[in-house]
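Since the structure comes first, as structure tokens, the remarks are kept for the end.
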Amino acid sequence: MPDAPIDLRSDTVTRPTPAMRAAIAAAAVGDEQYGEDPTTNALQERCAALLGKAAALWMPSGTMANQVALRVLCRPGDEVITGREAHAGWHETGGAAANAGVQIVEVGSGGLFSCDDFLAAVKPTGLPVFPPTTLVQIENTHNRGGGLVFPQDEVERICAAARARGIARFLDGARLWNAAVASGRSEAELAAPFDLVAVAFSKGLGAPGGSLLAGSRELIALANRQRRMLGGAMRQTGHYTAAALYGIEHHRARLAEDHAHARTLAQALAASPAVQLDLATVQTNIVVFRLAPGAPDAATLVARARERGVLLNAFAARTVRAVTHLDVSAAQVARAGLILCELLG
């Protein structure tokens, strides 16, 4: 469709490829609540192995995976330490407070934080006026940070310090597949320091939905109960998990293409005096850029870009996000860059 928009709003807008649709149609299914969906069982076993964990549990959405992790690892009134603008605090409609009863403390900058930042935020024990710090949550890659890959050496320092203090570790790895490709490290290596890890299938892998939690058998058994309590107990889930399995086997390696396309777009935007963008932050498939004083604001740019067939998201008054994915080509990304630069003058 020559007139179809170039949709850079999110990597969640992808549609299943014909081969993925065929895998969905051919999926063997059963009642997952009885443990009888063979495709879901295969996905859980495959992901547990990929992530280096003993067990895994499919979830309907990434937000549910994150919320279940909080309910498993924390108690109401506890405190959770995250990076600035973490998904848990910004994009889950207050679920951490409503579902788990926890409060979030943001540290660091740009989505990253150091072990020193973490330790400075841990509440002292033995004083009843303080909420106990019971969890540190790292988002990798970091969405609002522009798809940044969290440095693994710092991950290991933070998690070691947390472990020594009896603080649980959770990895929001919705885009961990991107982090693995960009860093050259395996998913299992990136997930190793954490008690629980979440991954998503509806973003870079192009499946129509679904996420997953992985961890010890004991934690996954607790997660299964929490999933039921939150309404996530589904039945013939094999149609979803067949798509996820297909994405794992066929769409992981190609994420490097999305990263290259994001770099192309970022370089075009960075050449405009109306754009403030540090190219060092463009490490995967997300480009977050700010509009300089005198340039249109984010809402205006997004509206004008839509009129020209380019779809973006405004992240703040003068901040815009673009995301590359398997449904946009190199030529479309190059055209989007030209259109945006024209609009910015």
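The values are calculated or read from the model by the stated rules, or taken from the named source; none is laboratory data. All of these numbers come straight from a predicted model, not from anything done at the bench. Here the Cβ is made from the backbone with ideal geometry for all residues, glycine too, and neighbour counts use every protein chain on show.
If a residue counts only when it is assigned by TED's automatic domain parsing to the domain that holds LEU148 and buried (at least 16 other Cβ atoms within 10 Å of the Cβ), which helices (runs of 4 or more DSSP H) contained entirely in segment 219-338 have at least 3 such residues?
Numbers: elements: 238-250, 255-270, 298-307.
Answer list for segment 219-338: 238-250.
Quick check on segment 159-179: of everything there that is surrounded by 24 or more Cβ atoms within 10 Å (Cβ to Cβ) and aliphatic (A, V, I, L, M), which residue is farthest from GLU249 (Cα to Cα)?
Of all residues in segment 159-179, those surrounded by 24 or more Cβ atoms within 10 Å (Cβ to Cβ) come to 162, 170-179.
Keeping just the survivors that are aliphatic (A, V, I, L, M) gives 162, 171, 174, 176, 179.
Numbers: ALA162: 34, LEU171: 22, ALA174: 17, LEU176: 15, ALA179: 17 Å.
Within segment 159-179, the match that is farthest from GLU249 (Cα to Cα) is ALA162.
Would you say ALA86 is more than 17 Å from ILE167 (Cα to Cα), in contact with a His (Cβ under 8 Å, 6 or more places away or on another chain) and touching a residue at least 24 places away in the same chain (Cβ under 8 Å)? Please lay out each step first, then the result.
Working: more than 17 Å from ILE167 (Cα to Cα): yes; in contact with a His (Cβ under 8 Å, 6 or more places away or on another chain): yes; touching a residue at least 24 places away in the same chain (Cβ under 8 Å): yes.
It is true that ALA86 is more than 17 Å from ILE167 (Cα to Cα), in contact with a His (Cβ under 8 Å, 6 or more places away or on another chain) and touching a residue at least 24 places away in the same chain (Cβ under 8 Å).
Every residue, every condition in (1) surrounded by 15 or more Cβ atoms within 10 Å (Cβ to Cβ); (2) farther than 20 Å from ALA198 by Cα, yes or no:
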| site | (1), (2) |
| --- | --- |
| ALA100 | yes, no |
| VAL107 | yes, yes |
| GLY110 | yes, yes |
| CYS115 | yes, yes |
| PHE130 | no, yes |
| ILE138 | yes, no |
| THR141 | yes, no |
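Residue pairs, Cβ under 7 Å, 6 or more apart or interchain, first in segment 100-128 and outside the structural domain of ILE81 (by TED's automatic domain parsing), second outside any strand (DSSP E or B) and not acidic (Asp, Glu). List them.
Final answer for the pair search is none.
Just to be sure I understand, how many residues within segment 194-223 are over 16 Å from ILE248 (Cα atoms) and either of a type in the set (A, V, I, L, M, F, W, C) or touching a strand residue (DSSP E or B) at 6+ places or on another chain (Cβ under 6 Å) (or both)? Break it down into steps so the answer makes sense when it comes.
So the first thing to find is which residues in segment 194-223 are over 16 Å from ILE248 (Cα atoms), and the list is 194-197, 215-223.
The next check asks that each one be either of a type in the set (A, V, I, L, M, F, W, C) or touching a strand residue (DSSP E or B) at 6+ places or on another chain (Cβ under 6 Å) (or both); those that pass are 194-197, 215, 217, 219-223.
Adding up the residues that qualify gives 11.
Considering (1) outside any loop (DSSP other than H, G, I, E, B); (2) exposed (fewer than 15 other Cβ atoms within 10 Å of the Cβ); (3) in the same structural domain as THR237 (by TED's automatic domain parsing); (4) not basic (Lys, Arg), say which one GLU36 fails and leave the rest.
Looking at each condition in turn, GLU36 falls short on (1).
Residue-by-condition table, conditions (1) of a type in the set (Ser, Thr, Tyr); (2) assigned to a strand (DSSP E or B); (3) at pLDDT 95 or above:
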{"position": "THR93", "(1), (2), (3)": "yes, no, no"}
{"position": "ILE104", "(1), (2), (3)": "no, yes, yes"}
{"position": "ASP117", "(1), (2), (3)": "no, no, yes"}
{"position": "PRO124", "(1), (2), (3)": "no, no, no"}
{"position": "ILE138", "(1), (2), (3)": "no, yes, yes"}
{"position": "ARG163", "(1), (2), (3)": "no, no, yes"}
{"position": "PHE170", "(1), (2), (3)": "no, yes, yes"}
{"position": "VAL181", "(1), (2), (3)": "no, no, yes"}
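Test of understanding: among THR281, THR241, THR264, THR237, which residue is modelled with pLDDT under 95 and of a type in the set (S, T, N, Q)? Spell out the reasoning first.
On the way: THR241 fails: modelled with pLDDT under 95; THR264 fails: modelled with pLDDT under 95; THR237 fails: modelled with pLDDT under 95.
Only one candidate qualifies: THR281.
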